[in-house]
Structure formats: C-alpha cells, structure tokens
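Here's the structure, in structure tokens; my notes come after.
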Amino acid sequence: MAVTVPRRLTVAVASALLLGSLAVATQASAASGTAKAASSDRGFGPGTRFFVPSPSPGAPQQILKLASSGDVKDAALIVKMETIPRAVWFNSGTPAQAQQQATVTMFEAARQHAVPVLVVYDIPGRDCAQFSAGGALSQADYEAWINGFARGIGRGKAIVILEPDALGNMPSNCGLPASVYPFTDSERIAELQYAVSTLERDPGASVYLDGTHSAWQSVGTMTQRLLEANVGSAQGFFLDVSNYQPTAELVDYGTWISDCIAMVTDSANPFFNNPAGCASQYFPATQSDFTTWGLTTQWYAQNMGNAVASTHFVVDTSRNGDGPNNMQKFSAAPYSQPASVISTLASGNWCNPPSSGLGLRPTADTGVPLLDAYLWVKTPGQSDGQCDAAGGVRAWDYSAYSLPGWPTTTAAQSVFDPLWGIDDPAAGAWFPQQALQLAQLASPALPAR
C-alpha cells in the first residue's frame, strides 16, 4: 500500500537535507584547516581542499519541488551534487563589481580553509558571439576588468581558469565579418598575455589557459596558441571545460601538449619552433579510436630527446562521467532519424546532451605528475544554451518521430530541443531535467552520505 507523505514533512526533509549537508561540507573544510590546505608557494598539493560555493540558483527550488512531490531520493541527489566543490564564474560587471565579487569569494573560501576555483570569462568577443556572447567591449575595458578582478583576489591562494574557449575559438575561427565582429587574433593574444602577467603577480594564484579538449584542436595548434598567450608564465592550461570528453583521453591529450611545448622550446630538439610537427590525437593516432592513441604516445617517447615536459594542466570532470553522446540511439526505433540528422546531433553533442553524468569528483590527488587536479569548472545543472535547430546544433525529422504537444510549425520547431522535449533554458540558467540526470548518472556514483 502506498504511503502518502505530508507535503510539509517532505519540504522540511528537503530543507534539512540541503542545510545540513552544506553545513557538514563547510565544517569539514574548516576542520581540515592547515592540515589539508595548499602549500604556501604557487601551486597546490595533493591534499588541497577546494571551495564549496553556495547552492546554484535554481537548485534549492528543484530540491524543494522534488521533495514536496514525495521524491526525497532525487532531492537528496541534487543536495549531494551541490555540496561538492565547483568553480565560481566571473563573467560580467564593472571592474569594481568584479573586484567585489572576488573579494567576497576569497573571504568565503578562507572561512572554509579551502582554495577557490575562479573562472574568468569576460574576454571581448567571447564564444564567437553565440550562446554565451558578451564580455568586455574592448581591450582597454578588459584590462581594466582584469585589474579589478586581480585586486579582489589580493594575495590569496586561488586557481584561475582564464577564459574558456578563448584559444580554441580565436576570432579568426569565428568566420564572422568585421562589421559585426570587430575582434582580431592579435588583440586576443595581447588580452590573454596581459591577464596572465597581471594575475600571476599574486604568488598564490595558479593561472591556467585554455587548452580546449581531446576532440577539438590538434596538439600542435594548441601548443602554438598557448605559447603565444605566454603559458610559460602561467601555471599551465585547462581541458574540457563545459564539455564531455573521456578523462583517459584528456590525460593523454594534456600530456602530449606538455610534451610538445617542451620539444618546440628546446633549441637542441629537431622540432624546435615547429609545433605543427608534433604528433596529435589525429596522427598517428585516430581521434575516434582510442585503441590507436598509444601510437602518438610512442611517437613522443621516440622524439622527446632531452626535452623535459614541465607544463601542468587541470581537467574539468563536472559532466564527463559517461563521455560524449554519439547520438546513435536516435537512429534506431522508435526515433528512426536519418543519417543527416544524426550527423548534426553528433556535431552538436557539446550542447545539453542527454544521458550525461557527473564525472570524477574534484581532487588534487591525481596520480599524474603534470595533472594538477580534476575540477568541476562548468556548474553542473546550468544549461549550455538554447540548443535547437536555429542554433545549428539540433536537427530532427518530425515525420519520423514526434509526440503529442510537440511543435508542428517550422518556426516553433526551430527553437525546440527534441532530445529533451522542451525549449532549453538560456545559457547559464538552471536546467532541472539535466541537473537531475547528471546526478542520477554520476560516474562514480554520488556518495550515499
């Protein structure tokens, strides 16, 4: 016989779960104190404890809604997800506002005796003016904003993820006319160089530049761009922010970039000043066949000479627990989508893909010498954008598969996401359905307590 749980009780349970779990997370951080804090010099050790921010906007409401409907189990899953360390994003505002937000975050992290992960995301022309368009209006505005952000950090210890996609999507990669997108590659490099030099003045700041991910830019391309952006003066580079690539691939890819940097900056190496000559995930390996990646690893073993890799990296594992979705399930019944649709869905599988789970939980104890940490950089539960046909990341044959209530006009279908059966929330907004699925499909599973 089903038991009906009074709504007041389930809401009380949800509230207790959220407040109690967050309190435990904060107290555990504080209790660890000096014993688990990072070392006093630049960088951080394997025992580093990372900062747990306040719950994401939208998460408490979802927790209460789930609990009030009697789904206390799923409410608890979201609570657990929200008590795991994740990054704080800085993506708008004036220099004074950036300074204030950074100051507050550093203070909150200090109360937890924890190291915060701070994402700087205000580069002019960011995201090729697409889903996450915005940022500073000019190089001068950006430099002023960076100055404010740096003042907010002060001389505190922090990990800075500097401008996701800024080196993966250079202005020249955007393919937009200067009349609507007046940004240049030289400005982008100068902006990043300025940010690195400004932020690295804080001896406690570990700054990482954009290294894209293992299914995007080649090793040689990223080596060239990272060197231009002055990665040698930063702590290193980051991988897979807001993406879903498998951790094992990312570790290889990051290692190869570090190897390539060492080779092309060693005047005694035959590949000195020749990043294009470095092996990558595309050759001699085949990117889509991980069993071939040992060929590229072997190539570096044979060609490193006396070069020693020393450039560190971090990996975003916030949503890659189940790897990228190849969308092949939609080719079979009952969906029966044609190959052209599957191709479009697969190329857009970075955008709110279903069947994704949380990945490895944040830790600086990676067991890989150059891999400083696994981090949750992208906020789990936040939408990648309005992933639809209008944005070029969705396609669908509605004559092959549709459901009652789905749109029937071309205009409505163009802004509809058939993979979720809704119009997706805007980039950065809370996506309850995706948040719950990430928690349910977490790999490894979320802890019972």
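Structure above, values below:
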{"quantity": "Residue, farthest from Gly236 (Cα to Cα), within the stretch 276-299, restricted to residues that are of a type in the set (Ser, Thr, Tyr) and buried (at least 21 other Cβ atoms within 10 Å of the Cβ)", "calculated": "Thr296"}
{"quantity": "Breaking point among (1) under 20 Å from Gly168 (Cα atoms); (2) outside any helix (DSSP H, G or I); (3) out of contact with any Gly (no Cβ under 8 Å at 6 or more places or on another chain), for Asn306", "calculated": "(1)"}
{"quantity": "Test: residue in the stretch 237-251 that is aliphatic (A, V, I, L, M), surrounded by fewer than 15 Cβ atoms within 10 Å (Cβ to Cβ) and closer than 26 Å to Pro353 by Cβ", "calculated": "yes"}
{"quantity": "Residue among Val377, Val393 that is closer than 19 Å to Gln434 by Cβ, in contact with a strand residue (DSSP E or B) (Cβ under 6 Å, 6 or more places away or on another chain) and in a loop (DSSP other than H, G, I, E, B)", "calculated": "Val377"}
{"quantity": "Number of the condition not met by Asn273 [criteria: (1) within 17 Å of Gly232 (Cβ to Cβ); (2) in contact (Cβ under 8 Å) with a residue 12 or more places away in the chain]", "calculated": "(2)"}
{"quantity": "Tabulated pairs, the stretch 183-204, first touching a residue at least 24 places away in the same chain (Cβ under 8 Å) and over 18 Å from Phe149 (Cα atoms), second part of a helix (DSSP H, G or I) and polar (S, T, N, Q), C-beta under 7 angstrom, 6+ apart or interchain", "calculated": "Glu187/Gln139"}
{"quantity": "Given (1) out of contact with any Leu (no Cβ under 8 Å at 6 or more places or on another chain); (2) in contact (Cβ under 8 Å) with a residue 40 or more places away in the chain; (3) of a type outside the set (Val, Ile, Thr), index of the condition Ala158 fails", "calculated": "(1)"}
{"quantity": "Enumeration of residues in the stretch 135-150 that are assigned to a loop (DSSP other than H, G, I, E, B) and either surrounded by fewer than 16 Cβ atoms within 10 Å (Cβ to Cβ) or among the basic types (Lys, Arg) (or both)", "calculated": "Leu137, Ser138"}
{"quantity": "Filtered residue count, the stretch 406-449, keeping only those that are over 14 Å from Trp396 (Cβ atoms) and part of a loop (DSSP other than H, G, I, E, B)", "calculated": "15"}
{"quantity": "Selected residue [assigned to a loop (DSSP other than H, G, I, E, B) and touching a strand residue (DSSP E or B) at 6+ places or on another chain (Cβ under 7 Å)] from Ala215, Ala195, Ala166", "calculated": "Ala166"}
{"quantity": "Residue satisfying all of: in the stretch 109-134; among the small types (Gly, Ala, Ser) and surrounded by fewer than 22 Cβ atoms within 10 Å (Cβ to Cβ); farthest from Phe50 (Cα to Cα) among these", "calculated": "Ala129"}
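Let's see how each residue does on (1) closer than 24 Å to Leu66 by Cα; (2) touching an Asp or Glu at 6+ places or on another chain (Cβ under 9 Å); (3) surrounded by fewer than 22 Cβ atoms within 10 Å (Cβ to Cβ):
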residue	(1), (2), (3)
Val368	no, no, yes
Lys378	yes, yes, no
Ala395	no, no, yes
Ser399	no, no, yes
Leu441	yes, yes, yes
Pro444	yes, no, yes
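Read the figures in this text as sums done on the coordinates, not as results from a lab. Small disclaimer: the values here were computed from a predicted structure and weren't measured. Reconstructed Cβ throughout: ideal geometry from the backbone, glycine too, with neighbour counts over all protein chains shown.
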